[in-house]
């Protein structure tokens, strides 16, 4: 346990080293939040209550998206590139003979990274957005707690998805294509483009059932208080369910991959 | 210029060696840039007008801004990778070659796959022209290539400014995205959607409004929310020249002040 905590803490510190990058990222998130929030205002001006959100909720959704963008690693750039590269070069052999679980190792590293990105790149956009727009804030500590749990579950689902993407490198060697597809799918199906309740018909149903909705749509709805009582439990069970399924798949595929891995050279 | 073409041709040959990868990455670029258009399409599935603009008009803004960014990205977008060369010191190699550093940096890893964005936004622009009900007088016809070229130059200038900025703060390279891709997202939508102060900012401080808003408002026969004099509709090339001038000075200062990593 101590080992895994140590990995998470060091990963947090590793990302915290690059302060200029954090400032630049928070700045970019804020600029995008500003632009997108105005387009939502225009849309909700035409269609109040669209997708079940009022104007304030819609704008809050935008800023939540910008705040969670880095933590959920929606645009990539997390551990999956590093692991993919280690698989390609064969360095992964070093990881495999460590007496730790490969998936758990990277999960802890990614949790540390996500924790840093949540603070370093999440707070500034929301604060700036809160100064410029009328944003919703959860009432009461219970809803805040539910939101944080939902974000944590979202990060785990995000990790599990990207771990599978990285593992594809064992079979494909160059994982950059799969990574690109992974990012595209995540952006499209997480609610980052538009809230998934705005997607028409079956596409909306599908998007809300896929694991990517656990990354942004569900945490945002929890934050906005759209789920009450049993529904709230259901939303989190949805996230936890996907987390378990995806992590188990990752575990099984790791076992398969390590059996076929051949490291060149000596 | 010859150096630029030579290096670009070399990288094209290099990428075309892995044909499948090239096709996939180009398609991925096409889809990535198309996602922005999906947003607009979904929005218009729920409404007929956005900020008083119809789908055809927003598609026109989307197309003009996207083509400008696509061209600028294709031509000088590689310059944004200069940060890596500064960090690992490999910029030194470029400095001793008998070709202008800028030409080398702009053509470095020239990515033909960026045609993906250009194709997608170009198609959207063509589609918007079919959809639009515009009285195509000669000034409007001339404004179209006029704004695409100026828009390309403005975005190119911003790319170069971003590259120069990396000489001082290589880690903060992402700031540039706020102005290139952020500027692209911004100018896909009509200026009437945004707060007056934001529009002022992107008119007078970072002149993104001249990428397409000002000339497009003239083409679409729409009032300008800031009420600028009529010549502003045609001022894009002047603004573009100014942006490129500032970018050139910044680049010169950056390269002159460059000290190697010392390794």
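The values are calculated or read from the model by the stated rules, or taken from the named source; none is laboratory data. This one's a predicted model, so the numbers in the text were calculated from it and none came from an experiment. Because the Cβ atoms are built from the backbone with ideal geometry, glycine has one as well, and the counts that use them run over all protein chains shown.
Tabulated data for the structure shown
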{"quantity": "Residue in segment A:115-124 that is touching a residue at least 40 places away in the same chain (Cβ under 8 Å), farther than 30 Å from residue B:40 by Cα, within 14 Å of chain B (Cβ to nearest Cβ) and surrounded by 22 or more Cβ atoms within 10 Å (Cβ to Cβ) present", "calculated": "no"}
{"quantity": "Residue match in segment B:212-220 (condition: surrounded by 21 or more Cβ atoms within 10 Å (Cβ to Cβ) and within 14 Å of chain A (Cβ to nearest Cβ))", "calculated": "yes"}
{"quantity": "Candidates A:98, A:86 - the one that is over 22 Å from residue A:172 (Cβ atoms), free of Cβ contacts under 8 Å to residues at least 12 places away in the same chain and away from chain B (no Cβ under 14 Å)", "calculated": "A:98"}
{"quantity": "Any chance residue A:218 is within 12 Å of the chain's Cα centre (by Cα), in a helix (DSSP H, G or I) and modelled with pLDDT under 95", "calculated": "no"}
{"quantity": "Segment B:156-172, residues that are under 19 Å from the mean Cα position of the chain (by Cα) and within 17 Å of residue B:206 (Cβ to Cβ)", "calculated": "B:156, B:157, B:158, B:159, B:160, B:161, B:162, B:163, B:164, B:165"}
{"quantity": "Among residues of segment B:28-53, those that are more than 8 Å from every other protein chain (Cβ to nearest Cβ), in contact (Cβ under 8 Å) with a residue 60 or more places away in the chain and crowded, with 16+ Cβ neighbours inside 10 Å, counted", "calculated": "8"}
{"quantity": "Filtered residues of segment B:178-212 (kept if touching a strand residue (DSSP E or B) at 6+ places or on another chain (Cβ under 9 Å) and not in a loop (DSSP other than H, G, I, E, B))", "calculated": "B:192, B:193"}
{"quantity": "Hits in segment A:51-77 (condition: within 14 Å of chain B (Cβ to nearest Cβ) and closer than 30 Å to residue A:165 by Cα)", "calculated": "A:61, A:62, A:65, A:66, A:69, A:70, A:74, A:75, A:76, A:77"}
{"quantity": "Index of the failed condition, residue B:150 passing every other in (1) touching a helix residue (DSSP H, G or I) at 6+ places or on another chain (Cβ under 8 Å); (2) in contact (Cβ under 8 Å) with a residue 24 or more places away in the chain; (3) within 14 Å of chain A (Cβ to nearest Cβ)", "calculated": "(3)"}
{"quantity": "Search result, residues across segment B:17-45 that are part of a helix (DSSP H, G or I) and more than 21 Å from residue B:122 (Cβ to Cβ)", "calculated": "B:17, B:19, B:20, B:21, B:42, B:43, B:45"}
{"quantity": "Matching residues in segment B:225-255 - criterion: being surrounded by 16 or more Cβ atoms within 10 Å (Cβ to Cβ), free of Cβ contacts under 8 Å to residues at least 60 places away in the same chain and over 22 Å from the mean Cα position of the chain (by Cα)", "calculated": "B:225"}
{"quantity": "Test: residue in segment A:33-41 that is within 11 Å of chain B (Cβ to nearest Cβ), farther than 16 Å from residue A:158 by Cβ, without any contact (Cβ under 8 Å) to a residue 12 or more places away in the chain and part of a loop (DSSP other than H, G, I, E, B)", "calculated": "no"}
{"quantity": "Selection count where residues are more than 14 Å from the chain's Cα centre (by Cα), surrounded by fewer than 16 Cβ atoms within 10 Å (Cβ to Cβ) and more than 9 Å from every other protein chain (Cβ to nearest Cβ), scope segment A:176-203", "calculated": "3"}
{"quantity": "Verdict on residue B:193 being over 26 Å from residue B:79 (Cα atoms) and either within 14 Å of chain A (Cβ to nearest Cβ) or at pLDDT 95 or above (or both)", "calculated": "yes"}
{"quantity": "Flag for residue B:70 being in a helix (DSSP H, G or I) and touching a residue at least 60 places away in the same chain (Cβ under 8 Å)", "calculated": "no"}
{"quantity": "Segment B:95-122, residues that are within 19 Å of residue B:219 (Cα to Cα) and surrounded by fewer than 18 Cβ atoms within 10 Å (Cβ to Cβ)", "calculated": "B:122"}
{"quantity": "Which numbered condition residue A:48 fails, given (1) at pLDDT 90 or above; (2) buried (at least 21 other Cβ atoms within 10 Å of the Cβ)", "calculated": "(2)"}
{"quantity": "Single unsatisfied condition, residue A:48 versus (1) in a helix (DSSP H, G or I); (2) over 27 Å from residue A:12 (Cβ atoms); (3) more than 10 Å from every other protein chain (Cβ to nearest Cβ)", "calculated": "(1)"}
{"quantity": "Among (1) in contact with a helix residue (DSSP H, G or I) (Cβ under 9 Å, 6 or more places away or on another chain); (2) farther than 30 Å from residue B:227 by Cβ; (3) surrounded by fewer than 17 Cβ atoms within 10 Å (Cβ to Cβ), the one test that residue B:159 misses", "calculated": "(3)"}
